[in-house]
Structure formats: structure tokens, C-alpha cells
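The values are calculated or read from the model by the stated rules, or taken from the named source; none is laboratory data. Small disclaimer: the values here were computed from a predicted structure and weren't measured. A quick note on method: Cβ atoms are made from the backbone with ideal geometry, for glycine too, and the neighbour counts reach across all protein chains shown.
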Amino acid sequence: MTEEKNSYGAEQIKVLDGLEAVRKRPAMYIGSTSETGLHHLIWEVVDNSIDEALAGYCSRIRITIHEDNSVTVEDNGRGIPVDMHPTENISALELVMTTLHAGGKFDHSTYKVSGGLHGVGVSVVNALSSRATATIRRNGKVYRQTYSYGAKTSELEEIGTSEKTGSTINFLPDPDIFQETTVYNYETVKTRIRELSYLNKEVRIHLKDERSGEEDKFHADGGLISYVEYLNRNRTPIYSEPIFIVGERDQVEVEIAFQYFDGYSERLFSFVNNINTREGGSHVAGFRAALTKCINRYASDDIIPKSLREKMGGEDVREGLTCVISVRVPDPQFEGQTKTKLGNSEVKSIVESVCTEKLTIYLEQNPGVAKKILSKVVDAARAREAAKRARDLSRKKGSTSLLMAGKLAECQEKDPAKREIFIVEGDSAGGSAKQGRDRSIQAILPLRGKIMNVEKARFDRILNSEEIKQLIASLGCGIGKDEFDIEKLRYHKIIIMTDADVDGAHIRTLLLTFFYRQMLPLIQGGFVYIGKPPLYRLGRGKKEKYFLEEGHLNSFLFSQASEKMSVIIHGEDEYELKGEEMVSIMEKLSVYQRIVSYMNRMNIWEEMLYFLLENQIRSADQFTDESFVADLIAKLPAEKLIIGHVRSCRWRPDCYEADIAVRGKVQIMMTLGPQIPLINEYRTAYSMFKDIQPYLKSSFSIKVEGKSGQDAIKSAKDWNEMVQGVRDESFKGSHLQRYKGLGEMNPEQLWETTMNPENRTLVQVNINDAEQADDIFTTLMGDKVEPRREFIQNHALEVTELDI
């Protein structure tokens, strides 16, 4: 090693000035630069407005996602101070926006409690944005300052007057930082904002997405009670009104709402100063201790029959419980950078004290509700004992070793970190997988049919299912809170491998439900994966190639076609498409072709789709203007159409629509209204329309290179015929097979496409939002039919592949 490379002196010690550290290591401040970190930018700005509300100065917040994926957060709080800071010689606004650890939350005179990152939040958002603007209404005036990458690009200026107060922050995330995506997910934002509205019942929040026209208004008068009712909306509660507990000790405010339902899982969501503490902490421990103590104490009372007097454990007391805990702590101490667990030890005793006092009074005053809760808890205790006996019996019989020697095809490797298990649908696919696998590291567990839906089953029934016994025995980590031990997990990759059809999707959902409800740490630890077998095999001579989806297949075909073909576009400016440009346009036209086919099935024919795109119909909001809709209808060719009158929408307030039919073809009818821009496929077509519009009204010739040097020319009357012609020409000499079942592949094919670590595609299962995941599992797998029907109806337009 040379002396130059080995030198290490004072000059190697770097000091990152200002917000340079944030841009250098953004994940330290927002968790990641993926979609999660991108959305964290919104949370930090909104948290500032919520802190104003907690201090009693803000009642309205408006959040807007703009078409360019910039975001504006506006509140009617006091407004960030704009006067000169006494020691820093810059305005307080500039200090807050451009300096780490500058804010009004470090003492308790300005904000009693707060969430956010304590003086880090808005400056971090500014640092990670390519542009940002702060507009402040304060002291009867309106002030503005602009920024880019954390540095000011203008001085603070006075731009007007206003009797109102408040802050408006607009920011555009920097694509160089968020390279994975800069596109905000409306549902993700909506879920968090709904959560905040329940936790802060005094605030009205308006969320709007200008990209799609969607908007929602949140205001929960009932606070946590409304939150629990919302969480239980797809379940059957055992009593009508959630129990609500509120109290304060030593400046710590405690709010708890809970309700039991007729299921078997515990659903507890905890918050500290509006921050979701997913891993719980001292406040959760305090509630659980108080709940167990109160119910056991009440069960010992003379009011309760002897048949109900059993010693119930914490697990029994929490079975079928939906609970939301919110505490506001002046100086919260969180464990870890991500703030998912509260560490303040004194909060446990405060929560336990408040809860014990209030719950004891409630149970005494509501004996009917108390008896229903006790009956459920006793049933849970009896089921737990039955499950314990079933486990003990299985150990005595040595059934684990018998199960292990049965269906499971074990691997040779002993290190769990290197071992993987494929859970395969059916004996046919299991046979192919066993023959095609790498026996050194890959184990195969075939399942016969569909496993039990554990969403609807009690724990003792789950343990009696043969397929689930096989699964538990194979994984080796046990089941249940008392026995589950992730250290004993025998495989660090658990891969669900099912057919690419409806039954395969159902089996995959049942397995994910089982892991989510009974072995959640496996998902949280990143051990569960979904194997993605190919949908297509393209054979050409002795060569074959596999594709996961139709888009990948088309890309390959068009790339092959560009080597021996070109496309001539006829028109005023005739020109030739070839090479990479041809591939790019063909891929987009292929996507548009699928969109046209889909929209036709929705009774929106191709000419209408083109008309709407040409007239730049981009959002449902455009249909709120009656004159705009009337003008739009007037532009349609009346000689070809029968057009009804413009009227108010029946399903969307303050919007307009009209019925349209094709003359001479009564069966072809459609409603022109705000529902069209809400369709995912339409939005995709709108995003690519500028690129493909020149080709949608042209005629074409396809030029194919001949072996003897003579080019063959084939005409195509329109873009659709041209795309099909290029695809057909590229297909010549090939054979295409679409797979529906894993059993259709021989062992070698299954190995090469789905099991070989060098070639396969795996999707890791993770939980970005526990509440939303829990809600979807309950809706799709629970007892209530109506919520499931409503979910399917609401999301039917989002389905891109449906196997019937």
C-alpha cells in the first residue's frame, strides 16, 4: 500500500455544513429514500400543523397533491414567525427552513407536546426538495420565501395583506434523492390523514389529489370512539358502544377507546403525540396490565356466577379486542431512530393508574357489558387450555417427527440462514419441485388443496388442521405467544409458490392470512416471500425464453422485430421508425392497445377515449363545471351519436354527466362523466398520450428485410393493425405457451424459471401499514359478506388481470 493511500490525517475529517448532512445521508432523517421516506416528507410538514392544533391555535389543515407530485400543506395556525432572530441575524422563518435543530419545541412554553422530529422536520423536507416555498400569514401581512435543495433562492418578501393567520408550505421532492419513485400514493396519504383526524377531533382536514380529482374531508367528532367504530366496521362487536377512558396525571394526557368483537385476534394501535408506536412501549404495557387486573378483579366479585370465575391471563383478556391508545407526553423518550416504541417508564404507571380507576367504575356501572366481556374472556381461557392440551398430546405422540418424515422433502444444509422452503400448491407441482430443486438448500412442502381460513377460526381449531400441522412442524418455530420462538425457525426463506390463476391467488391469500395472524414476526422479519413463476414460454427452435408478464414478452418481441423490421408512417411528413425509437413507440402502443380493449369492455369505445384524451380530460374535478361539461358534449359528432342532456351525477356530489349512444346501435351506450378519469387505465393512457398521439390517426407500412436483400412491404391501415402486424412477424417460427399451473412445467423448467436463485423473481412480503393490512385481511377473509362485496365493487376498476 502506498503512503498516499495510507495517509489519514486531519484533512480527512470532513464537516458537513448546514443541510449537507441531510442530503448526504437522507435515510438517517426520514428512514429511507424509498416510497416510505417520500411519504415521510408529508408527515413532517403535517405534524407541524397538528402541533399548532395541539397547542390550540389551528382548526383547519388543507393538503393538496399537485399534478407534478409536489405537495402543499396549508393551516390556519399562528404562522411561522418572520421577525429577525436575535442571535442568528436572519429571519426566524429562514432559520426554521434552512437549519437543523431549529424550532419552537425544545421548551414547553410554545408547545406543551409535539410529534415531528423536534426542529429537524421541515428543514429536512426543504433539504430533500428540488424546490420549496413558504407562505406565511401573520401580523395582518403575507410573507413568502423560496428555497431549493435546502438553501434560500429569494429573500423574505412581503407580498400582500391578510386578516387570517397560518403557514403554507409547498415542496417538490428531489428525484436525485428519491430515485425509486417521486409519485405519491393517495391511499397511503389518506390512511395517515384519517388516523390523524381521529387522534385530533378538534381539527378538520381536507385532502385533495389534483392528479385524479379525488378528495376527502376528515373530521371525527367522536375522536378515538369513532376510530374504534371505524376499525370494527367490518366486524360484529359484542356490545354497541366502545368503552372510552380519558384522564391526566403529571401532565401526561391519556385517551383509550376499546371494544370487543366476536373474532379471536387482538388489534391494538398505540400513539404518542400522534406518532404511531407500532412496537408499543410503556403506555401499552400499562393498559394491558390494568385491563387484566380489572377484569380478573371483577370476575371475583359476588355478582359473577361460579361458572365464570376462572383465572384469566392477559392473552385471554385481549382476545377479540380492538383498542386505540393515545397518550400525550411532554418529553417522550423513544427507543430507536424510527420512534416505534415508547421508553418512558413513568408512563406505564400513569396509564395503568388512569385505566384501572376509570375501567373499574365503568364495569360496576355497566354490568351487562361487563358480563359479555367476561363470557368472551372465559371462552378464550378455555380454548387456550384446549389448545395447550392439543399441543401436549401431539408432543407425547411424537407427531412432529412423523409429520417431518411425511410430506416434507427436507434439504441437506443445516444453517437456517442458507435454507429455504417452498410451500407448493398440490402434489403435481410438489412432484416437479422435488425433482427440480437444489437438494442441498431447498426443501419442498406440498399442500393438498386450500388450508383453513384462520381469520374465522379459534386457535384450538387451527391446531387440528392437518395442513397447518404440517406447516407448523416444518417451520419448527412453534405457534402461539407462549411457544413461538423465531430463533428456532428452520428456514430463513419461506417461499409461497402457487399457480397463476384464481385458485392459486386464493391459496396464497389463505397462507398470508395464516402468517399474518399466527406468525406475524415471520413477516416482520422479512422471512416470507412469494415466488413469481413465468406466465409465458416462447420457444424458437431449441431455444426458449420465459416472461413474467405480457409487457416483458412484448418488449422482447419488439426488440427482436427492430433488428429486421422498420415502420414507415404515412402522412404530410412521412418518416421511418426503426431501432430503439421503434421499440419505445411499439411498447407504448401495445400498452395503449390493452387499455383500448379494457375501455371497450367498460363501454367506452376507442373514438371516445381518443376524444377525451385530445381534449385533455385529466381529472374528475373538471366535471364539476356544468358549462364545461356542456361545451365538451357539444364538441362530440352529433351525426354519429345520440346525446342526452347534461345532469347532476347520482353518485358524486357537485359533478355532471350525460348519456351517449351510437346511432343505429342502441346496445352501445355509455355515460360520459367523472368516473372515466378515475379509472387507472385512463390515467395511464393520459400520461402517454402526447408520445403516441401522432401515430393514432396515421396509416403505416411495415418493411421487413428479406434474405435475398429484397425488402417486403406490408401495409397497415391503422396503428392497431400495425402493432399486430409487427408482433405477428416477430412471432414467425416461434411457439408461445401461457402457463396457468406450476404442474404444466417439467422439473427442469420449474428450476430454471422459479427456483434457481440466479434466475428467479421473488417478492418479499412486508407490512408498510399494519392497520390497512389488518383491515384488508378482515374484509376479504372475515365473516361479513357486505364489506367484501363493497370492497370488490370499489376496486373492480383497478383489476388488470382477471382469470375467469
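Enumerate the pairs (first residue in region 161-182 and farther than 28 Å from residue 26 by Cβ; second residue anywhere and of a type in the set (Asp, Glu) and surrounded by 14 or more Cβ atoms within 10 Å (Cβ to Cβ)) with beta-carbon separation below 6 Å, excluding pairs fewer than 6 apart on the same chain, so at least 6 apart or on different chains.
Here the result reads 166/75, each pair linking region 161-182 to a residue that is of a type in the set (Asp, Glu) and surrounded by 14 or more Cβ atoms within 10 Å (Cβ to Cβ).
Cβ-Cβ under 8 Å, sequence separation 6+ or interchain: first residue in region 547-563 and within 10 Å of residue 587 (Cα to Cα), partner acidic (Asp, Glu) and assigned to a helix (DSSP H, G or I). Which pairs?
551/587; 554/587; 555/587; 558/587
In region 588-620, how many residues are part of a loop (DSSP other than H, G, I, E, B) and either touching a Lys or Arg at 6+ places or on another chain (Cβ under 8 Å) or not hydrophobic (A, V, I, L, M, F, W, C) (or both)?
Keep residues of region 588-620 that are part of a loop (DSSP other than H, G, I, E, B), which gives 602-605, 615-619.
From what's left, either touching a Lys or Arg at 6+ places or on another chain (Cβ under 8 Å) or not hydrophobic (A, V, I, L, M, F, W, C) (or both): 603, 615-616, 618-619.
So the answer is 5.
Checking the structure you have, find out if any residue of region 571-579 is touching a residue at least 24 places away in the same chain (Cβ under 8 Å) and closer than 21 Å to residue 550 by Cα.
No - not one qualifying residue is present in region 571-579.
Please verify whether region 448-455 includes one or more residues that are at pLDDT 85 or above, among the hydrophobic types (A, V, I, L, M, F, W, C) and buried (at least 18 other Cβ atoms within 10 Å of the Cβ).
no
Please go through region 76-95 and pick out each residue that is within 15 Å of residue 144 (Cβ to Cβ), of a type outside the set (D, E, K, R) and not in a loop (DSSP other than H, G, I, E, B).
If the condition is that a residue be within 15 Å of residue 144 (Cβ to Cβ), of a type outside the set (D, E, K, R) and not in a loop (DSSP other than H, G, I, E, B), then 91, 92, 93 are the ones that fit.
If the requirement is being at pLDDT 80 or above and outside any helix (DSSP H, G or I), which of these qualifies: 491, 516?
Unique residue meeting the criteria: 491.
Quick check on this structure: which one of 478, 526, 504 is at positive phi, in the same structural domain as residue 429 (by TED's automatic domain parsing) and either modelled with pLDDT under 85 or assigned to a strand (DSSP E or B) (or both)?
On the way: 526 fails: either modelled with pLDDT under 85 or assigned to a strand (DSSP E or B) (or both); 504 fails: at positive phi.
Of the residues listed, the single one that is at positive phi, in the same structural domain as residue 429 (by TED's automatic domain parsing) and either modelled with pLDDT under 85 or assigned to a strand (DSSP E or B) (or both) is 478.
Could we say that residue 212 is part of a loop (DSSP other than H, G, I, E, B), in the same structural domain as residue 81 (by TED's automatic domain parsing), crowded, with 19+ Cβ neighbours inside 10 Å and not hydrophobic (A, V, I, L, M, F, W, C) here?
Spelling it out, residue 212 is indeed part of a loop (DSSP other than H, G, I, E, B), in the same structural domain as residue 81 (by TED's automatic domain parsing), crowded, with 19+ Cβ neighbours inside 10 Å and not hydrophobic (A, V, I, L, M, F, W, C).
Quick one: is residue 681 surrounded by 14 or more Cβ atoms within 10 Å (Cβ to Cβ), over 36 Å from the mean Cα position of the chain (by Cα), in a helix (DSSP H, G or I) and of a type in the set (Asp, Glu)?
No, not satisfied.
If residue 668 passes every condition in (1) at pLDDT below 85; (2) of a type in the set (A, V, I, L, M); (3) more than 14 Å from residue 608 (Cα to Cα) but one, which one does it miss?
Of (1) at pLDDT below 85; (2) of a type in the set (A, V, I, L, M); (3) more than 14 Å from residue 608 (Cα to Cα), only one is false for residue 668: (3).
Would you point out the residue of region 529-540, among those that are hydrophobic (A, V, I, L, M, F, W, C) and closer than 30 Å to residue 730 by Cβ, that is modelled with the highest pLDDT?
538
Would you mind telling me which numbered condition in (1) assigned to a strand (DSSP E or B); (2) modelled with pLDDT of 85 or more residue 623 fails?
Going through (1) assigned to a strand (DSSP E or B); (2) modelled with pLDDT of 85 or more one by one, residue 623 breaks only (1).
State whether one or more residues within region 230-240 are surrounded by 21 or more Cβ atoms within 10 Å (Cβ to Cβ), in a helix (DSSP H, G or I) and of a type in the set (A, V, I, L, M, F, W, C).
Looking for residues that are surrounded by 21 or more Cβ atoms within 10 Å (Cβ to Cβ), in a helix (DSSP H, G or I) and of a type in the set (A, V, I, L, M, F, W, C), one finds at least one in region 230-240, hence yes.
If you check residue 109 against the conditions, is it surrounded by fewer than 22 Cβ atoms within 10 Å (Cβ to Cβ), in a loop (DSSP other than H, G, I, E, B) and modelled with pLDDT under 90?
Yes.
Are any residues in region 300-342 at pLDDT below 85 and touching a Phe, Trp or Tyr at 6+ places or on another chain (Cβ under 8 Å), and if so, which ones?
304, 340, 341
Find the residue count for region 453-498, including only residues that are touching a strand residue (DSSP E or B) at 6+ places or on another chain (Cβ under 6 Å) and in contact (Cβ under 8 Å) with a residue 40 or more places away in the chain.
Qualifying residue count for the region: 8.
Can you name the residue in region 565-585 that is out of contact with any Leu (no Cβ under 8 Å at 6 or more places or on another chain) and closer than 17 Å to residue 724 by Cβ and, of all such residues, is surrounded by the most Cβ atoms within 10 Å (Cβ to Cβ)? Don't jump to the end; show me each part of the working.
Just the residues of region 565-585 that are out of contact with any Leu (no Cβ under 8 Å at 6 or more places or on another chain), to begin with: 565, 570-584.
Pick out the ones that are also closer than 17 Å to residue 724 by Cβ and you get 565, 577, 582-583.
On the way: 565: 23, 577: 21, 582: 19, 583: 20.
Going through the qualifying residues, I end up with 565.
Yes or no, residue by residue, for (1) β-branched (Val, Ile, Thr); (2) in contact (Cβ under 8 Å) with a residue 40 or more places away in the chain; (3) closer than 29 Å to residue 53 by Cβ; (4) in contact with a Pro (Cβ under 8 Å, 6 or more places away or on another chain):
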{"site": "247", "(1), (2), (3), (4)": "no, yes, yes, no"}
{"site": "252", "(1), (2), (3), (4)": "yes, yes, yes, yes"}
{"site": "257", "(1), (2), (3), (4)": "no, yes, yes, yes"}
{"site": "267", "(1), (2), (3), (4)": "no, yes, yes, no"}
{"site": "273", "(1), (2), (3), (4)": "no, yes, yes, yes"}
{"site": "276", "(1), (2), (3), (4)": "no, yes, yes, no"}
{"site": "283", "(1), (2), (3), (4)": "no, yes, yes, no"}
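Results for (1) modelled with pLDDT under 90; (2) surrounded by fewer than 19 Cβ atoms within 10 Å (Cβ to Cβ), shown as yes or no for each residue.
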| site | (1), (2) |
| --- | --- |
| 18 | yes, yes |
| 21 | yes, yes |
| 26 | yes, no |
| 37 | yes, no |
| 42 | no, no |
| 49 | no, no |
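Residue 639: in a loop (DSSP other than H, G, I, E, B) and acidic (Asp, Glu), yes or no?
Taking the combined requirement at face value, the residue satisfies it.
Can you name the residue in region 609-620 that is at pLDDT 90 or above and not polar (S, T, N, Q) and, of all such residues, is surrounded by the most Cβ atoms within 10 Å (Cβ to Cβ)?
Out of the qualifying residues, it is 609.
Name the one entry in 193, 169 that is under 21 Å from the mean Cα position of the chain (by Cα) and among the β-branched types (Val, Ile, Thr).
Criteria check complete, one pass: 193.
Filter region 224-254 down to the residues that are farther than 23 Å from residue 377 by Cα and among the charged types (D, E, K, R) and list them by number.
Scanning region 224-254 gives 248, 249, 250, 253.
Looking at (1) among the hydrophobic types (A, V, I, L, M, F, W, C); (2) within 29 Å of the chain's Cα centre (by Cα); (3) farther than 23 Å from residue 265 by Cα, find the lone condition where residue 477 falls short.
(3)
Mind listing just one residue for me: the one in region 515-529 that is surrounded by 17 or more Cβ atoms within 10 Å (Cβ to Cβ) and among the aliphatic types (A, V, I, L, M) and, of those, nearest to the chain's Cα centre (by Cα)?
It comes out as 523.
In region 729-748, which residues are at pLDDT 85 or above and either surrounded by 13 or more Cβ atoms within 10 Å (Cβ to Cβ) or touching an Asp or Glu at 6+ places or on another chain (Cβ under 9 Å) (or both)?
747
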